[in-house]
Each structure stands twice: as C-alpha cells, then as structure tokens.
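K.L.:
One structure, as structure tokens, below. Some questions next.
The values are calculated or read from the model by the stated rules, or taken from the named source; none is laboratory data. As the structure is a computational prediction, the values presented were derived from the model and not from experiment. Cβ sites come from the backbone with ideal geometry, for glycine too, and all protein chains shown count toward neighbours.
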Amino acid sequence: MRRMFGFLIGMTVGGLVGSTIALLMAPESGEQLRSELRLRGETFFNEVRHAADERKIELRQRLEYMREPHAEG
C-alpha cells in the first residue's frame, strides 16, 4: 500500500512540475494552453482512477481467496 501511495504522490508531483514547466515554456496562447492542460489533467485523473479501481478489484479478489477455507496438508 505504501508503494502505491508513494507512486501516486510521485505522479502527482511530477504532473505539477511538468505543467509548470509547460506553462513557462509554451509558445501557445493562454486560452489554448489552458484547454490543453485541462484535457491532460482530466486524462491523468481518469488513468489514476482506473488504476485505483483495478487495484481495488485485485485486493478484493485476494481477500475473498484468503477468506476461503483451504485444506492443509
């Protein structure tokens, strides 16, 4: 869980740094840049949400497996 949390924090910080650099160095107009950044932000958060949903499914499956009785021997 710590690895996942650290990964998500790293991605968030990396996204913020990348966005800041893009704003400072972009040759596009402000309106066009804001629109593109909004789209990239939405895409990023959708990907994070999708990864979190997949991880949740995986963890639920593991929990169900662990709750099942297993024959020892």
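K.L.:
Which condition number does residue 22 fail, the rest of (1) surrounded by 10 or more Cβ atoms within 10 Å (Cβ to Cβ); (2) at pLDDT 85 or above being met?
P.N.:
Status for residue 22: all satisfied but (2).
K.L.:
Quick check: is even one residue across segment 34-41 surrounded by 10 or more Cβ atoms within 10 Å (Cβ to Cβ), among the hydroxyl-bearing types (Ser, Thr, Tyr) and without any contact (Cβ under 8 Å) to a residue 24 or more places away in the chain?
P.N.:
yes
K.L.:
Let me ask something else. State all residues of segment 1-31 that are without any contact (Cβ under 8 Å) to a residue 24 or more places away in the chain, among the hydrophobic types (A, V, I, L, M, F, W, C) and outside any loop (DSSP other than H, G, I, E, B); if no residue qualifies, say none.
P.N.:
Passing the criteria: 5, 7, 9, 13, 16, 17, 21, 22, 23, 24, 25.
K.L.:
Does residue 44 satisfy the condition of being in contact (Cβ under 8 Å) with a residue 12 or more places away in the chain and at negative phi?
P.N.:
In short, yes.
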